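All remarks here apply to the structure that follows.
Nothing in this text is a laboratory measurement; each read-out follows from the coordinates by a stated rule. The structure presented is a predicted model; accordingly, all values stated were derived computationally and were not measured. Neighbour counts are summed over all protein chains in view; Cβ atoms, including those assigned to glycine, are modelled from backbone coordinates with ideal geometry.
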Amino acid sequence: MTHRVYRVVSFEITGPHILHVHFDDGTEQVIDFKPILAGEIYRPLRELSVFNQVRIDAEVQTLVWPNGADFDPETLHDWPRYADAFAERAREWETRAA
């Protein structure tokens, strides 16, 4: 199994917890992060003031937040393939925390 290397080149915040992400191969994804904002790392991003501090890390070329939250750029690139599994994991994190 190979792991493709993609780089995030730009993004726009297009709504609450929604980013339009552009990649170095010319593709783009519109990602609604709200369903996966759970657990110790991602729950703080529910606050829009935190979520909107997103930036591109110059070294690894992916989205990062000040609290240390990030995503593998390949995951972002192929988000439709991963979204359901991330949402399921988020539900599990919330169940454990309750």
Rounded to one decimal in nm, the spacing of the 7 Å Cα→Cβ label points at D70 and I18 is 2.7
For region 17-71, state the semi-axes of the equivalent ellipsoid (square roots of 5 times the eigenvalues of the alpha-carbon gyration tensor), sorted largest first and rounded to whole angstrom.
-> 19, 13, 9
What is the fewest-to-most order of H3, H20, H77 by other Cβ atoms lying within 10 Å of their Cβ?
-> H3, H20, H77
Compute the Rg/Rh shape ratio of the chain: radius of gyration over Kirkwood radius, all on alpha-carbon atoms.
-> 0.95
Taking a crude spin-label model, label points 7 Å out from Cα along the C-beta direction, the L48 to D25 distance in nm is 3.3
